[in-house]
Amino acid sequence: MAAAAAHLRSPITSNSAASHACHTPTSAPSLSRRRQPRGVASFQRRRILALSGEEGDGVGATRRRPAPRFLCLHGFRTSGEIMRRQVSERWPADVTSRLDLAFPDAPFPAAGESPVRDVFDPPYYEWCQFVGEDFVRCSNFGECAANIEELMVREGPFDGLLGFSQGALLSASLVGLQEQGLALNRVPTVNYLIVISGGKIQSPALAAKAYANKIKCPSLHFIGDNDFAKTHGEELADSFVDPLVIRHPAGHTVPRLDEKSVQVMHSYIDRIEWELALHSSTGADSSAAS
């Protein structure tokens, strides 16, 4: 626990235009904001340099309101930089330019071999320790949830969570627990959720709380036909009131988006932008009236 706390206080690596290689924690705290980021792999700041297509740049440059902000939780024994690269290299700029994505490292150094060691350079991190080989049971969920909440308190607010694999497992369960008043009580309601290769937490006591009722948060689920977690992902989607599902032919990965998937993504972001604009307008009207 002390190691995790130290990692949260110390540098979560930030990315510059030249950081396609591995990253090394520095000495300052924290995560990306719209100003110069500190301590997180910041996709928003680097996007124009790494994905500098005219359409993507134009959308970001002309947007009147801040883009919807998502905290992105990476997969098991990877890193914020690895997930940033997966998203930036596989999703088109006309999608990513509409989102403000922040990619922190998990607090715990990887306790074993990374499944991506042959593809991406270290360091690697994990949000919690898995029990067994099904990768859906955590031994220290409470500590993990507290670490994520502390990150959100310090670096928020966030409109939503985006998670891959272990990060998706945690993101979905935290949203469910927050709706029951059992987690993330120090931060605003998480209003949107994007799940990639996710699943339901399998601890009976925890699952009974997180999925006690259908989760109301508007959600988008990526489910791969060849993903070993496909069944888990489908069970998770069924735990939401109105899940939007993108199916793809790949396995346990951040998938590339085909034309239909891009359209679904844009529709989901359209909804987010409309609701945020409505909320902003309502808040402004209430302030004027008072």
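How large a share of the accessible area of segment 174-288, in percent, is made up of carbon and sulfur atoms when the probe is 1.4 Å and the other protein chains stay in place?
Percent of accessible area from carbon and sulfur atoms in segment 174-288: 51.
Compute the distribution of all C-alpha to C-alpha distances in segment 119-207, in bins of 5 Å from 0, and list the percent of pairs in each, rounded to whole numbers.
3, 13, 24, 27, 19, 9, 4, 1
Where only protein heavy atoms count, and the probe is 1.4 Å, what is the accessible area per residue for segment 177-290 in Å²?
Normalised by residue count, the accessible surface of segment 177-290 is 52 Å².
Averaged per residue, what accessible surface does segment 91-174 expose to a 1.4 Å probe, in Å²?
32 Å²
What percent do you get for the relative contact order of segment 178-290 when only Cα pairs under 8 Å and 6+ apart count?
Relative contact order of segment 178-290: 23 percent.
So if I restrict to the alpha-carbon atoms in segment 136-259, what is the Rg, and what is Dmax, the biggest pairwise distance, in Å?
13.7, 41
Which ³J(HN,Hα) values in Hz, rounded to whole numbers, follow from the phi angles of segment 245-255 under the Karplus curve 6.51 cos²θ - 1.76 cosθ + 1.60, where θ = phi - 60° and Gly and Pro get x?
Here the 3J(HN,Hα) series is 10, 10, 9, 9, x, 7, x, 7, 7, 6, x Hz.
The values are calculated or read from the model by the stated rules, or taken from the named source; none is laboratory data. None of the values given here were measured: they were computed from a predicted structure. Surface areas here come from the heavy atoms of the whole protein model, side chains and all, with no ligands, DNA or RNA. Shrake-Rupley method; radii C 1.70, N 1.55, O 1.52, S 1.80 Å.
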